[in-house]
Structure formats: C-alpha cells, structure tokens
Amino acid sequence: MIKGISYLSFENGLANNESIESALSQTKSNGFDALELSVSSEGVINTDTSKAECEIIRKKIDDSGIFVDSIATGMSWGVSPTSDDESIRKKSISLHQDALKVASYLDCKALLFVPGVVKSPISPEIVRYDRALDRLREAINQMLPIAEDLNVDLCMENVWNGFFYSPIELRDFVDSFDSDKLGVYLDIGNLIGYQQYPPHWIELLNSRIKRVQIKDFQENFDWTGSYSFCDIGAGDVPWNETITALNSIQYESTIIAEMLPWDETILSRTSLAMDQLFNFK
C-alpha cells in the first residue's frame, strides 16, 4: 500500500486554489509518497483545463517523484446527478464527463465522484431514494463508456449522502453494470458516521474497491451524543482489523488521508499516525 494525502487537506485545497507546486512540495516534506489531485468546475485543475495544461502539470508531478494516479471531485454536492431538476442532472453528467477527460490528460487512472444525494447536511435538496437510484444509473450509463474509452476507473465514494449505506446494495449496484471500470472509492472514516464496520465492507466489496481514503471519526454516545471527525488513531475506526481486511483482499494501491479542516500541523500529525498504523516507515 502507498501512503498518500488528499489535495483537499492543504490550506487552500478545499477552495481548489492550492498551487500544484505547493501541494507537491508539502506532500514530500511531510513524508507522503502519493498525492491525490482534485478537479472542480473552477480552480487550479478544473473541467476546462486543457490537455496541454495537464501535460505541464504532469511534468511537474513526474519531476517531483511523487506518485499521482487518482483525482477526486465533489461537484455532485452542488450539481447532483440525482437532482429533481433535469437541467442540473444534465449539467452534472457533462461536468463529470469532462472530469474524466481531465483525469486522462493527467494520466490519472481513477476518478473519485460522489454518486448523488438523497439527503445530506451539506446539500439543500432531498430526493426520493428510488428516483435517485434510477437517475444515478442513467448518469453512469452516460459516464461509463467514456471511462472505459479513457481507461479511467470511475469510483463511487461512500459519503454522507443518504445513499448506499449498505455494502450489499453498493456491491450489487456496481455488479449490475458488468464493467471493470466502475468501482468503489472506499472512505473508511465515513462508515463510522453511519454505524458501519469497515472490515465487513472491505470483505463484501472486495475487488470492487479501486481506491481507499482514510480519516477517523469519534463517537461519544449518550442521550444527547456528540460526533466529530478527528485525528487518525484518535477515533473509533478499528484500524488493526481494517488493515487486516485490506491485506486479506490483497489491496495494494494508495491509502489517501483526507483530513479537514486544515491547520498548521495536520499534515505532519497525519503522516506520523499513518506510519504508526500502517508501518509505512
């Protein structure tokens, strides 16, 4: 497995305004071997970034020695492929098709995307589940041929979107397309927030897991309760069992830490925690 950090974890990453040079430099100086890029409708890498511009970025990546083979997008939070508004759905599909092309221009082999929203604290729209499922299927049917042509894995992330909170449902949905270019981008920490056990998801999804993101999540349950993301190793993710499960399915690709919000020591703390848990050093 390869130790990596998400572009979103940098000071200006969430706004998609951290320079590539800065991201690569901080990745290396904090002891990470891999960087996951980010693409949005605007910012440093966006859906209008040209092939020539991507080739310049790729040259900087190659010169840095940092491993980069995946790129993430959260465009679905604002422009969802499952929206009740048909014009928004069409725009979402178009943006994600463009994101796949940008991924290919950058020689990235996987695109993380949020597979729409049923209900989420960070999205204003609430969509009936069956309608969201049908609309996502329609969207993937338009995105997947491009992913296949470009040889880019289209990876559905498990997130707090009120959608696919069962590994069996997610597994069967992926299998229904019969394409090895559609898979899962498993976010370990997100699972804790909706009372799931990561090792079981890993066992059930198995080879459908194309990439892995990590964060940690802390539950303090009582009659009022408090829940929050936290430093890796300080929460309730069963790390030993999770790592054992990843080894059991022979997962060998990147482990990308996505740590928010940014602070001045989040990168160094995360790097140290990953070394301790995964024996990267």
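Normalising the average separation of contacting C-alpha pairs (under 8 angstrom, six or more residues apart) by the number of residues puts the relative contact order of region 1-130 at 22 percent.
Evaluating kT/(6 pi eta Rh) at 20 °C and 1.002 mPa s, with the Kirkwood radius of region 61-200 over Cα pairs in the Stokes-Einstein relation, gives 139 µm² s⁻¹. Considering all C-alpha pairs of the chain, those separated by over 28 Å amount to 32%.
Give me TYR105, TYR194, TYR185 sorted ascending by neighbouring Cβ count inside 10 Å, so fewest comes first.
Lowest to highest Cβ neighbour count: TYR194, TYR105, TYR185.
Scanning residues 5 or more positions from CYS230 or on other chains, those with amide H under 5 Å from its amide H are ASP216, PHE217, GLN218, with H placed 1.01 Å from N in the peptide plane. Return, ordered by residue number, the residues of region 66-102 whose backbone nitrogen is under 17 Å from a label point located 7 Å along Cα→Cβ of ARG131. Backbone N within reach: 79-92. With neighbours defined as other Cβ atoms within 10 Å of a residue's Cβ, the residues PHE217, PHE280, PHE113 order from fewest to most as PHE280, PHE217, PHE113.
Of the beta bridges DSSP finds with both residues in the chain, what % are antiparallel, to the nearest 5? Given both bridge residues lie in the chain, the antiparallel proportion sits at roughly 15 percent.
The amide H of ASP187, built 1.01 Å from its N in the peptide plane, has ASN158, GLN213 as neighbours under 5 Å, considering only residues 5 or more places off or on other chains. Per-residue Cβ neighbour counts within 10 Å put ARG211, ARG128, ARG269 in the sequence ARG128, ARG269, ARG211, beginning with the fewest.
DSSP assigns beta bridges within region 131-244; of those with both partners inside it, close to 40 percent run antiparallel.
Dipole orientation for the chain: of the candidates ILE243, GLY4, PRO115, PRO115 has the Cα lying most toward the positive pole (charges on Cβ; Lys, Arg +1; Asp, Glu -1).
Bear in mind these aren't lab numbers, they're just calculated from the coordinates by the rules spelled out. Small disclaimer: the values here were computed from a predicted structure and weren't measured. Positions of Cβ are backbone-derived with ideal geometry, glycine not excepted, and every protein chain shown enters the neighbour counts.
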